[in-house]
Amino acid sequence: MTALSPKNKGILSFLRGRLGHAHKKGRSTLSEFISLYLDQIANGVRQTDRGRNYAPSTVKTVRYSLRQFARFQEATGRLYDFSDMDMAFYYGYTSFLKKKGFSINSVGKCIRDLKAVLHAAEIDGVNTSLAWKEKRFKGIRVDVDSIYLTPEDLKRMMSVDFATLSPEHEQARDIFMVGVWTAQRISDYNHIKPGDFNTLREITYLNVRQQKTGAKVSIPCNSALKSILEKYDYNLPHLPDRVINRDIKEVARAAGLTGTVEIETTKGGVPRKERIPKWKLVHSHTARRTGATLMYLAGVDLYDIMKITGHTTPAMLKKYIKADTLEVVEKLAGKYDYFR
């Protein structure tokens, strides 16, 4: 068991004290149900709408998200119950998160996870309060500036001299490239095994059961992917996700991806623009965005891309496509006689 920090011990002590007071009154509290909910999604007792267990990575992010609710209660000195989940709470909680420096999407994630708990409690007959169903009580999500890597960027990363880095950096680069050419999440592309590959009429393809959604996708292996697979005899190495996130930035910097990129962020409710070196923006999920974008620019039909990425609607997929205006214009001009 991981040791609690002094701050988390304080939160736990506060909630235990408040929960003990609630028990004396003979009632079940929202905080008690959250504890039960987290245990259930971690142990597979409570499953997704598709009847599958929650992925460990999902459980981890939900646990972190709901921990912010506990911190809010500690900061206010109040134990919030189901009947307190109204717009006054919403404004207070979202304001608290923004002051902590959470982005709009991070605040939205905290609200969505809390609403999932409230919905589960309603289904279980524990929560009879409906104030949280007010349409303004919602987790806002905005499209964020994320990069993708161009074919030239990928070529430069494949040409990096690892004499000044390490074999681990090279493995991280290769695992990342598998993510690019399969357009999968790191939870999937970092766990590929030899038995996941099949051959049909001389076409080698990869079968993936996506951990997050449970969807099964099949991806034809192009020459770039095959080259990496053959390097490891189809037995790809595995590194911790945090190591890949750390090392791939260093590989990108060694590849010369040092030009700055203007991105727009929102923290504490305040929008801002800043220019950041491209290598600093490269992380594990950049692989999936890059794969989806390159397929789009190559003229692959959106619905065919969805069969590979596992997205269920074109709108969801389009959030991953990060082509700039010039590239889209060139794609259209080359595809349709109308523009010639």
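Taken together, the values in this text are just the output of simple stated rules run on the coordinates, not laboratory data. Bear in mind that the values here come from a model prediction, so they are computed numbers and not experimental data. Positions of Cβ are backbone-derived with ideal geometry, glycine not excepted, and every protein chain shown enters the neighbour counts.
Below, the figures for the structure above:
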item	result
Protection proxy ranking, peptides 251-258, 289-296, average beta carbon neighbours within 10 Å, highest first	289-296, 251-258
Subset of K231/K319; K138/K319; K60/K212; K155/K226 violating a 24 Å alpha-carbon distance limit	K231/K319
Projected-area average for region 151-339 over all orientations - Cα convex hull basis, square nanometres	13.1
Part-to-part distance (alpha-carbon centres) for region 73-87 and region 151-204, which is given in Å	47
Extension reserve of the K135-K100 stretch, reckoned as 0.36 nm per residue once the Cα distance is removed	10.1 nm
By average C-beta atoms within 10 angstrom, highest first, the peptides 192-201, 277-286	277-286, 192-201
